[in-house]
Amino acid sequence: QQVQEDLNKQLFDNLVSFLRRSHSEFQEKTTEWTCRMKSREIPTAALVLGVNVTDHDLTFRSLSEVLQNNITPYIALLEAKDCPGIKNLMQKLMGQLMNCCVDVDSLEDEDYVQVSQNRIRCSMTSLTNWYETVTKKTDSETPSKKRTSSSRDWQSPPVVVIFKDMESFTTKVLQDFIVISSQHIRELPLVLIFGIATSPMIIHSLLPHSVSSLLCIELFQSLSCKEHLSTIIDKLLLTAQFPFKLGEKVLQVLINIFLYHDLSVQNFIKGFQLCIVEHFYSQPLSVLCCQPVDAKKRVNSLSHDQCENIRKLPSFRRYVESQVSEKQIALLTADNFLKEITQKLLEDLRVYHENYVSVLRCLHVFTSSLPKYPLGKQIRELHCACLENRVWETEEYESSLQLARMLNKSDLVTMLQQCVEIFVSSSGNEFDKTVEKLKEFLTQFQKLEAEAFQERDVSVSSQKELQKKTDLYHLQKTLLELKESRRSKKLTKFEMLRFEVVDYIDSLVRNYLVPADHKTLHEIAYFNTASVLRGHLNAAPRIALHTALNNPYCYLKNQALKSDGGRISNKAPDICIVYKLHLECGRLINLVDWLEAFSTVVMAVEGPNADAASSDQVDDIIHARFIRAVSELELLGFIKPSKRKTDHVARLTWGGC
């Protein structure tokens, strides 16, 4: 929430400034406001938020709080689903402004709202009269509990009406409300805010010119949802502040859902929270995924079983195999020695995170400035590439290095300066020499610039001497020497220095951007079970339905429903029995044969103990159960009636899940 507020701060500041301008014009009765009143224009903010509709609620809640704290206590949030007609809109509007509860269903035939002991007619005239009444009160008699010290200073604060989803409102409702409001703009300082998900042109598509001309529209654009996501990843994942991390496959699942499904940052954060819950629930050693101060205490308090869990980790096994035999024995048998090594390995993992983030940001400075973005423009793309495998072994990285070796001096100097700032602000202690080396490169570039001025003067003088040589022999000799020097052209000092800079950045990448799964005990801090996350977030209704009908024990956990092999249990629900029988049939299913098979399975438990006297009644009950089960199966889309044979149904699904 804090990150979202920081991202929206500029947008909210602009909206507050817009509302202050419209409000001051109404207060002072300036010429501009008078002209606007004559033309009956309503100040309107067109707020373009993007197609990530699920994130809009949080944005509007934050905006409402900001406006209440700074501008006005009179704010109404309207949604299209609550306003099918102008009457419903006025009821909702007046109900929110007057802090009263409005039951739209009970007021379906009435145009009134209940305020205290009075019933007020839902009309713009009533709203204007109410506004004049509350604004005439003194400051000591605060007209609304929501009013804060900053909004109390205004004698006539504006009334802000926010249409959260403008595209969903019907054209007639918007037209009627705008036309009616424009007729009362002299008495009521109304300001409209249109929440737009698509394009500002939707205003002119929904409203004819005669209505849109009544609005004085100003456009406000929020940051794109991709920029929001990049900031969220930067603040939550690419930081040493939080020990919990996402593996490459898990992060890719969340990003793919974001990019190809809903573009919702809120849903991305919910997925991130789900990863946290799943990791700390399923990983026994996740108790060690904590801050360094707590990690030391928790390692010392590990039980023998927890020490055995550490020894079972694949990354720890690789670490043991790389040690000498005496140390291997100690690691596998002595718990106290294991705890000492675990503390050291966890500290190494923490230092790795700090160094990884700093070098990743430095590499992103270079790759984001290259044409075609071989490693991606966003830092999240580079982060995924580094988590997946050794990034320096990929073709994209090689092409990035080739492009970096062609950068001009000004770009290279700017990038080095940014890298120096990154390493200086880093919490790691290993980059002191790196900062000195980068500053040395900057100094050398400055010296090259001074030498370039001198060489330029020398070249100008040599060209003048060449022009003086009018002898053909000397002229040909000089031209041949120039041609030969171009053939065997040596690298200039700048090119050599540029190669040296790129090679040094390459060495940093190879030393610090090792994939996380190559580090010992990475399982403690990294959540890598992408299949579990995909099962939670990516709905597979057909598989779930098949599992529930074919094996009801999976969901009901009833021991009586356990079946051996392909046997059909008569203890299963009727729809499960009918479903299993239908799997054994062809394209057309005979209802009579299906009923007989169902009856055989259901009656199998009774056998010879069945009461012959009540057999007809039992048959009717079984027949009714069968009809209901078949109807449910048809409702789920597995079968449909057949026009070819009236006593048959057609099967609609084929193949296994």
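The values are calculated or read from the model by the stated rules, or taken from the named source; none is laboratory data. None of the values given here were measured: they were computed from a predicted structure. Heads up, the Cβs are rebuilt from the backbone with ideal geometry, glycines too, and the neighbour counts pull from every protein chain shown. Note: accessible area is taken over every heavy atom of the protein model, side chains too, but ligands, DNA and RNA are not part of it. Shrake-Rupley method; radii C 1.70, N 1.55, O 1.52, S 1.80 Å.
Find the residue count for the range 565-575, including only residues that are under 20 Å from Asp620 (Cα atoms) and in a loop (DSSP other than H, G, I, E, B). Reasoning before the result, please.
First pass over the range 565-575, keeping only residues under 20 Å from Asp620 (Cα atoms): 570-575.
When the remaining residues are screened for being in a loop (DSSP other than H, G, I, E, B), the result is 570-573.
Counting residues in the range 565-575 that are under 20 Å from Asp620 (Cα atoms) and in a loop (DSSP other than H, G, I, E, B) gives 4.
Taking the stated definitions as given, is Tyr504 without any contact (Cβ under 8 Å) to a residue 60 or more places away in the chain and either outside any loop (DSSP other than H, G, I, E, B) or in contact with a helix residue (DSSP H, G or I) (Cβ under 7 Å, 6 or more places away or on another chain) (or both)? Break it down into steps so the answer makes sense when it comes.
Numbers: without any contact (Cβ under 8 Å) to a residue 60 or more places away in the chain: no; either outside any loop (DSSP other than H, G, I, E, B) or in contact with a helix residue (DSSP H, G or I) (Cβ under 7 Å, 6 or more places away or on another chain) (or both): yes.
Considered against the rule, which asks whether it is without any contact (Cβ under 8 Å) to a residue 60 or more places away in the chain and either outside any loop (DSSP other than H, G, I, E, B) or in contact with a helix residue (DSSP H, G or I) (Cβ under 7 Å, 6 or more places away or on another chain) (or both), Tyr504 comes out as no.
Going by the structure shown, is Val324 out of contact with any Leu (no Cβ under 9 Å at 6 or more places or on another chain) and of a type outside the set (D, E, K, R)?
Values: out of contact with any Leu (no Cβ under 9 Å at 6 or more places or on another chain): yes; of a type outside the set (D, E, K, R): yes.
Yes.
Consider Phe366 against the criteria (1) closer than 23 Å to Leu246 by Cα; (2) in contact (Cβ under 8 Å) with a residue 60 or more places away in the chain: it satisfies all of them except one. Which criterion is unmet?
That leaves (1) as the condition not met.
Please go through the range 253-284 and pick out each residue that is in contact with a helix residue (DSSP H, G or I) (Cβ under 7 Å, 6 or more places away or on another chain), surrounded by fewer than 16 Cβ atoms within 10 Å (Cβ to Cβ) and either of a type in the set (Phe, Trp, Tyr) or within 20 Å of Leu387 (Cα to Cα) (or both).
Passing the criteria: only Phe280.
Taking only pairs six or more apart or across chains, which ones have beta-carbon atoms under 8 Å, a first residue in the range 60-89 that is closer than 22 Å to Asn14 by Cα, and a second residue that is basic (Lys, Arg) and part of a helix (DSSP H, G or I)?
Between residues of the range 60-89 that are closer than 22 Å to Asn14 by Cα and residues that are basic (Lys, Arg) and part of a helix (DSSP H, G or I), the close pairs are Ile71/Arg20; Ala76/Lys92; Leu78/Lys92.
Could you please let me know if Thr443 is polar (S, T, N, Q), open to solvent by 30 Å² or more (accessible area, probe 1.4 Å), farther than 29 Å from Glu227 by Cα and part of a helix (DSSP H, G or I)? So that I can check it myself, show each step before the final result.
Numbers: polar (S, T, N, Q): yes; open to solvent by 30 Å² or more (accessible area, probe 1.4 Å): yes; farther than 29 Å from Glu227 by Cα: yes; part of a helix (DSSP H, G or I): yes.
Yes, satisfied.
From the list Ser368, Ser400, exactly one residue is surrounded by fewer than 17 Cβ atoms within 10 Å (Cβ to Cβ) and either hydroxyl-bearing (Ser, Thr, Tyr) or over 26 Å from the mean Cα position of the chain (by Cα) (or both). Which is it?
Values: Ser400 fails: surrounded by fewer than 17 Cβ atoms within 10 Å (Cβ to Cβ).
That would be Ser368, the only listed residue that is surrounded by fewer than 17 Cβ atoms within 10 Å (Cβ to Cβ) and either hydroxyl-bearing (Ser, Thr, Tyr) or over 26 Å from the mean Cα position of the chain (by Cα) (or both).
Just to be sure I understand the filter: pairs with C-beta atoms under 8 Å, separated by 6 or more residues or on different chains, first member in the range 9-22 and surrounded by fewer than 19 Cβ atoms within 10 Å (Cβ to Cβ), second member assigned to a helix (DSSP H, G or I). Which pairs pass?
Filtered contacts from the range 9-22: Val16/Val66; Val16/Leu67; Val16/Asn70.
Could you grab me the full set of residues in the range 48-87 that are assigned to a loop (DSSP other than H, G, I, E, B) and small (Gly, Ala, Ser)? Spell out the reasoning first.
Going through the range 48-87, the residues assigned to a loop (DSSP other than H, G, I, E, B) turn out to be 49-52, 71-74, 79, 83-85.
Hits for the range 48-87 are Gly50, Gly85.
Modelled with pLDDT under 80, open to solvent by 70 Å² or more (accessible area, probe 1.4 Å), of a type in the set (Val, Ile, Thr) and at negative phi: does that describe Thr31?
Numbers: modelled with pLDDT under 80: yes; open to solvent by 70 Å² or more (accessible area, probe 1.4 Å): yes; of a type in the set (Val, Ile, Thr): yes; at negative phi: yes.
So Thr31 passes the test.
Condition check: farther than 17 Å from Asp165 by Cβ and open to solvent by 10 Å² or more (accessible area, probe 1.4 Å). Does Gln68 satisfy that?
Numbers: farther than 17 Å from Asp165 by Cβ: yes; open to solvent by 10 Å² or more (accessible area, probe 1.4 Å): yes.
Considered against the rule, which asks whether it is farther than 17 Å from Asp165 by Cβ and open to solvent by 10 Å² or more (accessible area, probe 1.4 Å), Gln68 comes out as yes.
Note down all Cβ pairs under 7 Å where the first residue falls in the range 534-562 and is open to solvent by less than 60 Å² (accessible area, probe 1.4 Å), the second is at pLDDT below 85 and in a helix (DSSP H, G or I), and they're at least six residues apart or on different chains.
Matching pairs, first to second residue: Pro552/Leu561; Tyr553/Leu561.
Yes or no, residue by residue, for (1) of a type in the set (Phe, Trp, Tyr); (2) in contact with a strand residue (DSSP E or B) (Cβ under 8 Å, 6 or more places away or on another chain); (3) at pLDDT 90 or above; (4) not in a helix (DSSP H, G or I):
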residue: Ile577; (1), (2), (3), (4): no, no, yes, no
residue: Cys585; (1), (2), (3), (4): no, yes, no, yes
residue: Phe598; (1), (2), (3), (4): yes, no, yes, no
residue: Phe626; (1), (2), (3), (4): yes, no, yes, no
residue: Thr646; (1), (2), (3), (4): no, no, no, yes
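Could you look through the range 195-234, keep only residues that are among the acidic types (Asp, Glu) and touching a helix residue (DSSP H, G or I) at 6+ places or on another chain (Cβ under 7 Å), and pick out the one that is farthest from Thr54 (Cα to Cα)?
Of the range 195-234, the ones among the acidic types (Asp, Glu) are 218, 227, 234.
Filter once more, so that each one left must be touching a helix residue (DSSP H, G or I) at 6+ places or on another chain (Cβ under 7 Å): 218, 234.
On the way: Glu218: 24, Asp234: 21 Å.
Once the filter is applied, the top-ranked residue is Glu218.
Please pick out the residue among Pro84, Pro43, Pro73 that is touching an Asp or Glu at 6+ places or on another chain (Cβ under 9 Å), at pLDDT 85 or above and of a type outside the set (Phe, Trp, Tyr). Break it down stepwise before answering.
Numbers: Pro84 fails: touching an Asp or Glu at 6+ places or on another chain (Cβ under 9 Å); Pro73 fails: touching an Asp or Glu at 6+ places or on another chain (Cβ under 9 Å).
So the residue among Pro84, Pro43, Pro73 that is touching an Asp or Glu at 6+ places or on another chain (Cβ under 9 Å), at pLDDT 85 or above and of a type outside the set (Phe, Trp, Tyr) is Pro43.
Taking helices (runs of 4 or more DSSP H) that do not extend beyond the range 337-425, which have at least 1 residues that are polar (S, T, N, Q)?
Numbers: elements: 379-388, 395-404, 409-425.
Hits in the range 337-425: 395-404, 409-425.
Would you please list the contacts, defined by Cβ atoms under 8 Å and residues six or more apart or on different chains, that run from a residue in the range 166-183 that is within 12 Å of Ser212 (Cβ to Cβ) and open to solvent by 10 Å² or more (accessible area, probe 1.4 Å) to a residue that is part of a helix (DSSP H, G or I) and of a type in the set (A, V, I, L, M)?
Thr171/Leu206; Gln175/Val211; Val179/Val211
So which residues in the range 632-644 are part of a helix (DSSP H, G or I) and exposed (fewer than 13 other Cβ atoms within 10 Å of the Cβ), if there are any at all?
Taking the range 632-644 first, the residues part of a helix (DSSP H, G or I) are 632-635.
If the condition is that a residue be part of a helix (DSSP H, G or I) and exposed (fewer than 13 other Cβ atoms within 10 Å of the Cβ), then Leu635 is the only one that fits.
Quickly run through the range 391-444 and pick out the residues that are among the aromatic types (Phe, Trp, Tyr) and more than 14 Å from Leu497 (Cβ to Cβ).
At the first step, the residues of the range 391-444 found to be among the aromatic types (Phe, Trp, Tyr) are 392, 397, 423, 431, 441.
Result: Trp392, Tyr397, Phe423, Phe431.
Consider Ile622 carefully, then state whether it is at pLDDT 85 or above, open to solvent by 30 Å² or more (accessible area, probe 1.4 Å) and assigned to a helix (DSSP H, G or I). Write out each step before concluding.
Working: at pLDDT 85 or above: yes; open to solvent by 30 Å² or more (accessible area, probe 1.4 Å): no; assigned to a helix (DSSP H, G or I): yes.
The answer is no for Ile622.
Just give me the residues in the range 201-230 being at pLDDT below 90, open to solvent by 40 Å² or more (accessible area, probe 1.4 Å) and within 30 Å of Asn256 (Cβ to Cβ), in sequence order.
The answer is Leu223, Ser224, Lys226, Glu227.
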